[in-house]
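The values are calculated or read from the model by the stated rules, or taken from the named source; none is laboratory data. This one's a predicted model, so the numbers in the text were calculated from it and none came from an experiment. Virtual Cβ from ideal backbone geometry, glycine too; neighbours counted across all protein chains shown. Ligands, DNA and RNA are stripped out before the accessible areas are found, and what is left, the full protein with its side chains, is counted by its heavy atoms. Shrake-Rupley method; radii C 1.70, N 1.55, O 1.52, S 1.80 Å.
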Amino acid sequence: MNRNMKYIDDFRDPATARALVARIRRDAGDAPVRLMEVCGTHTVAIARGGIRPLLSGAVTMLSGPGCPVCVTPDGYIDAAIALGRERGVLLATFGDMLRVPGKSSSLEKEKGAGLDIRVVYSPIDAVSLAAATPEREVVFLGVGFETTAPAIGGAIRTAAERGAGNFSVLSSVRTIPEAMELLASDPDVAIEGFLCPAHVSVVIGSDAYRPVARRYGIPCVVAGFEPLDILLGISMLLRQRKEGVARVENEYSRVATPAGNRKAQALIRDVFVPCDTGWRGIGVIPGSGLRISDRYAGFDAERKFDAPVVFSPEGSACRCGDVLKGKIRPSDCPLFGKACVPEEPYGPCMVSSEGACAAYFKYGGS
Amino acid sequence: MHDKILLSHGEGGKRTRDLIAKVILRYFDNPVLSPFLDSGLLGRIGGEIAFTTDGYVVTPPFFPGGDIGRLAVCGTVNDLAVCGAKAVAISCGLILEEGLPVESLERALAAMRDAAKEAGVTVACGDTKVVERGKGDGIFITTAGVGVAVDGWRPAPSEIRPGDRILLTGTMGDHQVAVLIARRNLDIEAPVLSDVAPLSGLLLPLLPRFAGRIRFMRDPTRGGVGVTLNEMASAANARFVLDEARLPVRESVRGVCEILGFDPLYLANEGKAVLIAAGEAAEAIVASLREHPYGREAAIIGEVQEGGSGVRMRTLAGGVRAVDYPVGDQLPRIC
């Protein structure tokens, strides 16, 4: 562990950071360059590192839709609550989901009112929970991206092997490249470069972004989550722009590879099939969801309980959708910091610790 | 004596007496407690009196580097110490759950005895209650403490001024990470020990020497250094600026935080203090702290600046950002 941690120090060196900031400013030119960090972990790392103000005037970092909690539609929360209330199932969830608002309630409020909701740290814990409570139906709220999908898939496979008939998953798993394509094709968003997620890329491989780079002429750089990873990733995007090229580059090559983790990909293909799915604030993105395959239909809570998740575009003053698309910054939303604060979130981007609004609020980004 | 706590151990009859005489008094035999009166008679205490109380409900009660007994003494001793008071006497209220192994109780009592001895404080009175199985979590302890203040020193947040330095007596987050690992539902193994320790021996000798220059002290327990500094900054109506590069964090703790997405700034400590001190005395205070076993990794972590109030941090990347109160528990990241 010691050596690993020293290794992390190398990615936090202040002198190198200063040099990179100077290079970014040199390469940026006059008008601020519009780049998007797709992933919520990047959003938090940028806010925690105080990076946004360092680059102000040179680079505008837009925060993308890569926070699984933030893009989970309210219809999903409502479906989960209905399963608990009407079917008496025991709901197992990641803690982040508790405060996400549904149409009229949240899991946290329902838990307070007596619904049996357990927080787990990993999908496999929900399988163990099912084994420990054989008289109850246990539904795991499977929310996440390609990073979480193998763990959810693994839990479903384990449940199948063990014959855990009282375990199922309400799937809300999404894939990142499809969302990036939608944003790339939106002229209002006008993205000049994508800072691509670190962990997602470890699974899907950096080659997964090649269609985005090729079709839309937008440079893509996979970057790690340390401050220097981010600054170097931004600098690489600006270099591509300066050279007039748009390709996929990999700053995070110490972990992510062009092809990704084939074993995890095979697991995802075995348990899930792509589907169209609704993203909160964005709408339905074709092929961007992963539903549970027919082979594991018995573990699909939507089919098991005949409880389909209904997606309806929300209409309210909340502008999370525009935040997730990078059209506005969190502080531009009329609710930000007033009707919508982390203690009483109105929109999902304020709920999750990885949400753009929460990161802006907590670390004072502007 | 039984090997498990029974409801009748709390009913006031013979079994209660047995438990007290055969178990509890074995650990707390002293001239104040042993006469077994309804109050401990402390005699005359010279000086200004400080008084505090706290409840301890940590789960699990035994964790790497400490246990609920040591915590119950140190927490109260430290609340007195950061107010400049030397603990003289503490109480020991035990709330035991039916079925608790007597051996576990004895382990906690032995730890209380040892911590009290280390801090030079007398366990002067106590109470034992037993609750039905399922109505408690093994063992809860409450302690109240009486202390006598060091002459000539009082907490003075209003004396904090620009140019003052922010000092921390050691690494952040050791206690909370040790407890999290002990809960075992995280499947992480890392050699992290709780820092639970009495701080009176570290802090109180400094006060006469640096009277007037140490302005304010707090122990950053629940909510960690981040929350404590926010509270101190609002008490002082001052602007604190931390230096990320100077924040002491053990490598093993940082490793766990990296994996789980925790910020060590918000993790609880049970053997650390934050001090605000005059700039010109800060280096000398750090040097003195480092001479003590509980202050070896003491550091200046920031300074008080002009303009506004609140807590900011100069980051390693060279930026500046706010350090605010966290909302709710810190939860592991999900992607």
Kindly establish whether A:Asp276 is in contact with a Pro (Cβ under 7 Å, 6 or more places away or on another chain) and either modelled with pLDDT under 90 or outside any helix (DSSP H, G or I) (or both).
-> yes
So which of A:Ile152, A:Ile124, A:Ile204 is within 23 Å of A:Glu302 (Cβ to Cβ), within 14 Å of chain B (Cβ to nearest Cβ) and surrounded by 24 or more Cβ atoms within 10 Å (Cβ to Cβ)?
-> A:Ile152
Sort through A:Arg52, A:Arg99, A:Arg34, A:Arg23 and tell me the only one that's more than 24 Å from the chain's Cα centre (by Cα) and open to solvent by 10 Å² or more (accessible area, probe 1.4 Å).
-> A:Arg23
Condition broken by B:Thr76, with the remaining ones in (1) among the polar types (S, T, N, Q); (2) open to solvent by less than 10 Å² (accessible area, probe 1.4 Å); (3) over 13 Å from B:Glu270 (Cα atoms) satisfied | (3)
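Is it true that A:Ser312 is buried (at least 19 other Cβ atoms within 10 Å of the Cβ) and part of a loop (DSSP other than H, G, I, E, B)?
On the way: buried (at least 19 other Cβ atoms within 10 Å of the Cβ): no; part of a loop (DSSP other than H, G, I, E, B): yes.
Considered against the rule, which asks whether it is buried (at least 19 other Cβ atoms within 10 Å of the Cβ) and part of a loop (DSSP other than H, G, I, E, B), A:Ser312 comes out as no.
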Got a sec? Which of B:Glu251, B:Glu231, B:Glu280 is at negative phi, open to solvent by 40 Å² or more (accessible area, probe 1.4 Å), without any contact (Cβ under 8 Å) to a residue 60 or more places away in the chain and more than 14 Å from chain A (Cβ to nearest Cβ)?
-> B:Glu231
Residue pairs qualifying under the 9 Å Cβ cut-off, at least six apart or on distinct chains, with the first in segment B:53-73 being among the basic types (Lys, Arg) and the second being surrounded by fewer than 22 Cβ atoms within 10 Å (Cβ to Cβ), are B:Arg70/B:Asp114
What number of residues within segment A:282-308 satisfy the criterion of being of a type in the set (A, V, I, L, M, F, W, C), in contact with a helix residue (DSSP H, G or I) (Cβ under 7 Å, 6 or more places away or on another chain) and surrounded by fewer than 18 Cβ atoms within 10 Å (Cβ to Cβ)?
-> 1
For helices (runs of 4 or more DSSP H) lying entirely in segment A:11-96, having 3 or more residues that are within 12 Å of chain B (Cβ to nearest Cβ) picks out A:14-28, A:40-48, A:51-54
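Test A:Glu249 against the criterion of being away from every other protein chain (no Cβ under 14 Å), touching a residue at least 12 places away in the same chain (Cβ under 8 Å) and over 19 Å from the mean Cα position of the chain (by Cα), and give yes or no.
Working: away from every other protein chain (no Cβ under 14 Å): yes; touching a residue at least 12 places away in the same chain (Cβ under 8 Å): yes; over 19 Å from the mean Cα position of the chain (by Cα): yes.
Here the answer is yes, as A:Glu249 does meet what is asked.
Considering every residue within segment A:253-261, establish whether at least one is in a loop (DSSP other than H, G, I, E, B) and within 14 Å of chain B (Cβ to nearest Cβ). Full working, then the answer.
Let us first name the residues in segment A:253-261 that are in a loop (DSSP other than H, G, I, E, B), namely A:253-261.
Applying the additional criterion that residues be within 14 Å of chain B (Cβ to nearest Cβ) yields A:255.
The answer is yes; a qualifying residue exists.
Counting only residues that are assigned to a helix (DSSP H, G or I) and either open to solvent by 40 Å² or more (accessible area, probe 1.4 Å) or within 17 Å of B:Lys117 (Cα to Cα) (or both), how many does segment B:19-41 have? Quick ask: steps written out before the conclusion?
So in segment B:19-41, the residues assigned to a helix (DSSP H, G or I) come out as B:19-27.
Next, only the ones that are either open to solvent by 40 Å² or more (accessible area, probe 1.4 Å) or within 17 Å of B:Lys117 (Cα to Cα) (or both) stay: B:21-22, B:24-27.
Within segment B:19-41, residues that are assigned to a helix (DSSP H, G or I) and either open to solvent by 40 Å² or more (accessible area, probe 1.4 Å) or within 17 Å of B:Lys117 (Cα to Cα) (or both) number 6.
Select, from B:Arg107, B:Arg44, the only residue that is out of contact with any helix residue (DSSP H, G or I) (no Cβ under 6 Å at 6 or more places or on another chain), of a type in the set (D, E, K, R) and not in a helix (DSSP H, G or I).
Values: B:Arg107 fails: not in a helix (DSSP H, G or I).
After applying the criteria, what remains is B:Arg44.
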Mind checking whether some residue in segment A:245-263 is open to solvent by less than 50 Å² (accessible area, probe 1.4 Å), in contact with a Lys or Arg (Cβ under 8 Å, 6 or more places away or on another chain) and farther than 25 Å from A:Val44 by Cα?
-> yes
